[in-house]
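Just so you know, all these numbers are worked out from the coordinates, no wet-lab data involved. Model, not experiment: these values are computed from the prediction. So basically every Cβ, Gly included, is an ideal-geometry build from the backbone, and we count neighbours across all protein chains shown.
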Amino acid sequence: MTLTALTDVQSEIQSLARTFAREEIAPHASKWDREACFPLDVARRMGELGFLGMLIPEQYDGLGLDTVSYLLALEEIAVADASVAVLMSVHNSLPTQMLLHFGTDAQRDRFLRPMARGEMIGAFALSEPEAGSDASSLRCQATRDGNAWLLSGTKSWVTSGNFADVIVVMARTDTADGRLGSRGISAFIVTPDLPGFHVGKKEDKMGLRASPTVQLNFDALRVPADNVLGDEGQGFIYAMRSLDNGRLGIAAQAIGIARASLEASLDYAAERKQFGQPIADFQAIQFKLADMGSRIAAARALLHATAESKDRGESTTMHGSMVKLLASETAMWAANQAVQIFGGYGYVKDYPVEKLFRDAKITEIYEGTSEIQRLVIARELLSERARR
Ligand code: CAA
């Protein structure tokens, strides 16, 4: 399905992920969705296969792979179940990358290594009830107390937050009036055993139902000063840089959902007969299939080109937002086409496309809404023009 030639390693990773996804995820995805329960044993198994340390260098117990390999694997997992894919994306793109790039050697030994081996699951806590798209307006307050920091406030929309072993939390280290804005935010490594850590409301979501999304409440949560990640006041910049990576992961997840929508539609259209022939013979259906295939191929080509650019050390802020926008809108659009092709059967839970439709929607919302991606893209285009 990929347009560009894959290296031997990339093909091997893709085929390993495809087999794992088909055998160990796909058969159970609908049950996990129905029961809104996350298969922690599957996360452990992903760890054993190296899927939770794909971008971490071998010196820290990861696989040290290129970004295209990681995204190929993520797409395969997302075809089988977007809920499993989001855990993989968040873990690989956000907390582990923050520890790798901004952590001390001691922090990498204590947290990054076990995360790379999949023995610890990571989460990322930026948003708050009143700070979503406007992330730098966050209010969770960190106050210095001897050789610790006391964190008070609420974080929301935390993927895997009820079972994560390590959560990178952005909190305000300037005064409560937030005078320093985005420069008054620092990153903290939080573990659930710390006093004052509470898991709050678990969201009852439209889609991605197997992936838990929770609020975290911090009541003077006591975080040792050794758990400050990087420099004080840099937490927002670190989070933004990590989201540049995260958005590639969400794009791969979205492409996986779109591909699952297309594959289900192809099978159904070939088998379903109306007016005495398979509906795949009707041009109205063929055009939908053709548009789905074209949009998926375009999104994947941009994703892999952006991943290669990232691995060359270039900034991917603009192209990352472009591909997150393109892929997520493709996923929602393709899932909608799939429901239409299935007709009434697309609207019920006996067939897979109803779940794909629900799962697709969140890709247009989390890790930056489509509106925020457009804002980032326009800003980058205008600043490029100003530099010319
Ligand atoms: N890389 C590096 N630095 C960046 C950056 C990037 N991509 N984007 C911004 N910055 C820096 C800026 O250069 C600026 O630095 P200076 O102080 O040196 O000037 C600083 O950050 C502040 O930037 P802005 O002035 O652009 O900040 P802003 O308040 O206008 O907000 C925004 C920018 C793009 C709207 C940002 O708030 C944003 O991305 N919002 C969306 C939030 C988001 O994606 N949340 C996802 C939640 S996590 C999640 O969903 C995970 C999950 O579990 C699935």
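So how much slack lies between Lys273 and Thr191, counting 0.36 nm per residue of separation and subtracting their Cα-Cα distance, in nm?
Working: separation 82, 0.36 × 82 = 29.52 nm, distance 5.52 nm.
Computed gain between Lys273 and Thr191 is 24.0 nm.
Provide the packing ranking of 91-97, 381-387, i.e. peptides ordered by the mean count of other C-beta atoms within 10 Å per residue, highest first.
Numbers: 91-97: 28.1, 381-387: 9.0.
Averaged packing, sorted descending, gives the order 91-97, 381-387.
In percent, what relative contact order does segment 81-127 have, based on Cα pairs under 8 Å that are 6 or more apart in sequence? Numbers along the way, then the final one.
Values: 25 pairs, mean separation 20.2, N = 47.
Once normalised by length, the contact order is 43 percent.
For q values of 0.10, 0.14 Å⁻¹, compute log₁₀ I(q)/I(0) with the Debye formula on a Cα-only model of the chain, without solvent.
Values returned for q = 0.10, 0.14 Å⁻¹ are -0.63, -1.20.
Determine the gain in length on full extension of the stretch Lys349-Ala386; use 0.36 nm per residue of separation and subtract their C-alpha separation, reporting nm with one decimal. Intermediate values should be presented prior to the final figure.
Details: separation 37, 0.36 × 37 = 13.32 nm, distance 5.14 nm.
That works out to 8.2 nm of additional length.
Going by average Cβ neighbours within 10 Å, how do the peptides 26-34, 194-202, 2-10, 327-335 rank, with the highest at the top? Write down the numbers at each step before the final one.
Numbers: 26-34: 16.3, 194-202: 14.6, 2-10: 12.2, 327-335: 27.1.
Result, highest mean Cβ count within 10 Å first: 327-335, 26-34, 194-202, 2-10.
Taking the alpha-carbon set of segment 8-116, what are its Rg and Dmax in Å?
Just the Cα atoms of segment 8-116 yield Rg and Dmax of 14.0, 42 Å.
Counting alpha carbon pairs within less than 8 Å and at least 6 residues apart, what relative contact order, in whole percent, applies to the chain? Display every interim value, and only then the final one.
Numbers: 751 pairs, mean separation 64.1, N = 388.
Relative contact order here is 17 percent.
Can you give me the pair-distance distribution of segment 122-233, C-alpha pairs, 5 Å bins, whole percents?
2, 13, 24, 26, 19, 10, 4, 2, 0
Determine the calculated [θ] at 222 nm for the chain from helices alone, applying -39500 (n - 2.57) to every DSSP H run no shorter than 4 residues and normalising by the residue count; nearest 500 deg cm²/dmol.
Values: 12 runs with 188 residues, N = 388.
Dividing the helical sum by the residues of the chain leaves -16000 deg cm²/dmol.
How many angstrom lie between the C-alpha centres of segment 261-281 and segment 113-189?
Going from one Cα centre to the other spans 48 Å.
Order the peptides 57-69, 278-290, 242-254 from the highest to the lowest mean number of other Cβ atoms within 10 Å of their residues. Spell out each step's value before the answer.
Working: 57-69: 18.8, 278-290: 14.6, 242-254: 28.3.
Those peptides, ordered most packed to least, come out 242-254, 57-69, 278-290.
On average over all directions, what projected area in square nanometres does segment 57-163 have, based on the convex hull of its Cα atoms? Write down the numbers at each step before the final one.
Numbers: hull surface 33.2 nm².
Average of the hull's projected areas for segment 57-163 equals 8.3 nm².
Mind jotting down a quarter of the surface of the convex hull over the alpha carbons of segment 269-388, in square nanometres, one decimal? It would help to have the intermediate numbers written out before the result.
Numbers: hull surface 37.7 nm².
Answer in nm², one decimal: 9.4.
Mind listing P(r) for segment 218-337? All alpha-carbon pairs, 5 Å bins, whole percents.
So the P(r) values, bin by bin, are 2, 11, 16, 14, 12, 10, 9, 8, 6, 4, 3, 2, 2, 1, 0.
For segment 193-252 and segment 364-388, what is the centre-to-centre distance using only Cα atoms, to the nearest Å?
Segment 193-252 and segment 364-388 have Cα centres separated by 23 Å.
With θ taken as phi - 60° and the coefficients 6.51, -1.76 and 1.60, list the Karplus ³J(HN,Hα) couplings across segment 275-287 in order, rounded to whole Hz; mark glycine and proline as x.
Values, residue by residue: 6, x, 8, x, 5, 5, 6, 7, 4, 4, 7, 4, 5 Hz.
So which residue, out of Leu112, Leu150, Leu229, gets the largest mean-square fluctuation from a GNM of the chain using Cα contacts under 10 Å as springs?
Greatest mean-square fluctuation among the candidates belongs to Leu150.
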